[in-house]
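Q: Structure in structure tokens, see below.
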Amino acid sequence: MTDRYAVIGNPIQQSKSPLIHGMFAQATGQDIEYTAIEGPLDRFAGAVDAFRAAGGLGLNITAPFKLDAFAYATERSERAQLAGAVNAMKFDGERVLAENFDGVGLLRDVTHNLGCPLKGKRVLLLGAGGAARGALLPFLGQDPAELVIANRSIDKAHELAAIGARQGRVRGCAYVELVGQSFDVVFNATSASLRGELPPVPATVFAPNCLAYELAYGKGLTPFLRLASNAGVKQLADGVGMLAEQAAEAFVWWRGVRPDTRAVIDKLTVPLVWATGCTEL
Ligand code: ATR
């Protein structure tokens with residue numbers, strides 16, 4: 001019998017998950033059906049109950065339901081607890097297991113696909129919201145020389161750094177404190193790019209041979225990547241690999257088979273060029 005999975009969000013038509021999981025299933029020979037569910041804004045639990053009652057085995061969760069999924073779950077992984085958000089669930093009778101694969105997906109893209117291990121590197125993480133929280137533990141697990149978290153609201157940067165303090169060298173700071181410092185890898189985990197905005201990061205943060213990584217996907221050359229490019233950074237990446245890898249982590253969790261992500265990344269890659277009509281910085 002075909003096993004059923006889906007992604008739930010609202011809106012949902014923009015989701016690439018059905019395409020990605022369809023490609024994974026075909027490549028690995030897994031007999032699954034993966035659909036998209038537009039969850040009613042005030043009835044997340046009811047929509048998930050109905051999916052489970054119809055035999056659904058697992059869900060991906062996207063905006064705005066990541067916190068609802070956290071509340072719905074009966075068991076949450078450590079990384080889901082730290083992120084305070086859930087992006088994948090697995091149903092096992094009455095049990096609802098919850099995970100957050102965004103951070104591990106990002107890490108796998110950086111280390112495996114982009115060939116950039118974080119061990120011994122000076123790493124800068126811009127932002128202290130949900131995306132940054134998800135990356136914290138996976139990053140510190142790589143033993144970077146230092147992880148610096150910069151955020152507009154400085155308190156949130158310090159709070160996040162305090163959470164990671166037992167796992168490695170991490171500190172929070174304000175953007176102005178970055179003046180005079182440079183890093184081997186810089187991640188933009190703010191939501192600024194979604195509105196075409198640039199976090200107030202000095203262009204001097206990019207060390208020679210730096211990797212500049214934009215977590216947002218499919219926006220072309222965002223203001224952040226543009227800043228890095230103008231500063232001479234040669235290695236630029238957006239979140240397409242992260243998107244594919246977090247999906248692959250869920251697929252392994254559900255099916256016990258790791259799909260290759262290359263074909264998905266190639267299919268979904270949007271060239272990192274400045275979109276026409278955008279104002280020059
Ligand atoms: P997400 O789940 O995408 O991380 P979020 O939890 O709302 O979204 O967090 C958004 C992050 O982007 C925050 O770190 C926010 O900074 P503040 O905490 O100071 O608000 C950051 N952010 C959003 N727009 C920004 C901008 N224009 N410049 C700098 N940081 C920005």
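Q: Taking all protein chains together and a probe of 1.4 Å, list Arg226, Arg133, Arg258, Arg152 from the most accessible to the least accessible.
A: Ranked list, largest accessible area first: Arg152, Arg258, Arg133, Arg226.
Q: Put +1 on the Cβ of each Lys and Arg and -1 on the Cβ of each Asp and Glu in the chain; which of Cys210, Leu236, Ile149 then has its Cα farthest toward the positive end of the dipole?
A: Checking the options against the dipole of the chain, the answer is Cys210.
Q: Could you point to the residue in Ile61, Leu198, Thr269 farthest towards the positive end of the chain's charge dipole, with +1 and -1 charges on the Cβ of Lys/Arg and Asp/Glu respectively?
A: Looking along the dipole axis, the top candidate is Leu198.
Q: Next question. Give the distance, in whole Å, between the Cα centre of region 1-38 and the Cα centre of region 227-272.
A: Result: 17 Å between the Cα centres.
Q: Only four residue types carry charge here, +1 at the Cβ of Lys and Arg and -1 at the Cβ of Asp and Glu. Report the dipole size of region 184-261 about the Cα centre in Debye, rounded to the nearest 20.
A: 120 debye
Q: Using the Cα centre of region 14-93 as the reference point, and only Cβ charges (+1 on K/R, -1 on D/E), how large is the resulting charge dipole? Debye, rounded to the nearest 20.
A: It works out to roughly 200 debye.
Q: Residues in region 73-101, backbone N under 19 Å from the label point at Ala54 (7 Å along the Cα-to-beta-carbon vector): list them, ranges by number please.
A: 89-93
Q: Ile37's amide H: which non-local residues (gap 5+, or another chain) put their own amide H closer than 5 Å, with H modeled 1.01 Å from N in plane and none for Pro or chain starts?
A: Amide H to amide H, under 5 Å and 5 or more residues apart or across chains, Ile37 pairs with Val7, Ile8, Gly9.
Q: Once neighbouring chains are kept in place and the probe is 1.4 Å, which whole percent of the accessible area of the chain is contributed by carbon and sulfur?
A: Carbon-and-sulfur percentage of accessible area, whole number: 51.
Q: Over region 129-188, average the accessible area per residue using a 1.4 Å probe and give it in Å², no decimals.
A: I get 45 Å² per residue for this part.
Q: Using label points projected 7 Å from each Cα along Cα→Cβ, tell me how many nm separate Asn209 and Asp3, to one decimal.
A: With each label point 7 Å from Cα toward Cβ, the separation is 4.3 nm.
Q: On a 0 to 90 degree scale, rounded to 10, what angle separates helix 130-140 from the longest Cα axis of the chain?
A: The answer is roughly 80 degrees.
Q: At a probe size of 1.4 Å, how large is the accessible area of Met242, to the nearest 10 Å²?
A: 20 Å²
Q: Follow-up question, since we're still on this one. Enter the Cα centre distance for the pair region 133-152 and region 84-120, rounded to the nearest angstrom.
A: 15 Å
Q: If you don't mind, there's one more thing I want to ask. Enumerate the calculated ³J(HN,Hα) couplings along region 9-21 in order (Karplus 6.51 cos²θ - 1.76 cosθ + 1.60, θ = phi - 60°), each rounded to whole Hz, writing x wherever the residue is Gly or Pro.
A: x, 7, x, 10, 5, 7, 5, 8, 4, x, 4, 4, 5
Q: Rounded to the nearest 20 debye, what is the charge dipole size of region 1-146 about its Cα centre when +1 sits on each Lys and Arg Cβ and -1 on each Asp and Glu Cβ?
A: It works out to roughly 420 debye.
Q: From the phi of every residue in region 88-103, what ³J(HN,Hα) in whole Hz does the Karplus formula 6.51 cos²θ - 1.76 cosθ + 1.60 yield, where θ is phi - 60° and glycine or proline is x?
A: With the stated coefficients, region 88-103 comes to 8, 10, 10, 9, 9, x, 7, 7, 10, 8, 10, 9, 9, 9, 4, x Hz.
Q: Under 22 Å between C-alpha atoms is the cut-off here; go through the chain and count lysine pairs that meet it, provided they're at least eight residues apart or on different chains.
A: Counting lysine pairs in the chain gives 10.
Q: Another question about this same structure. Which one of Leu227, Asn188, Ile12 has its Cα pushed farthest toward the positive end of the charge dipole of the chain, where Lys and Arg give +1 and Asp and Glu give -1 at the Cβ?
A: Of the options given, the answer is Leu227.
Q: Per the Debye formula with a single identical scatterer at each Cα and no solvent contribution, what log10 I(q)/I(0) holds for the chain at q = 0.11, 0.13, 0.17 Å⁻¹?
A: Relative scattering, expressed as log10 I(q)/I(0), comes to -0.63, -0.88, -1.39.
Q: Could you order Lys90, Lys219 by accessible surface area, starting with the largest, using a probe radius of 1.4 Å?
A: I get Lys219, Lys90, largest accessible area first.
Q: Which GluC sites (Glu not before Pro) in region 1-105 pass both tests, a DSSP loop state and at most 13 other beta-carbon atoms within 10 Å?
A: Glu94
Q: Taking the full set of protein chains and a 1.4 angstrom probe, give the accessible area of Ile32 in square angstrom, rounded to the nearest 10.
A: Only protein atoms counted, so the area is about 30 Å².
The values are calculated or read from the model by the stated rules, or taken from the named source; none is laboratory data. Note that the structure is a prediction, hence the values are computed from the model and not measured. A quick note on method: Cβ atoms are made from the backbone with ideal geometry, for glycine too, and the neighbour counts reach across all protein chains shown. All accessible areas refer to the heavy atoms of the entire protein, side chains included, with ligands and DNA or RNA removed. Shrake-Rupley method; radii C 1.70, N 1.55, O 1.52, S 1.80 Å.
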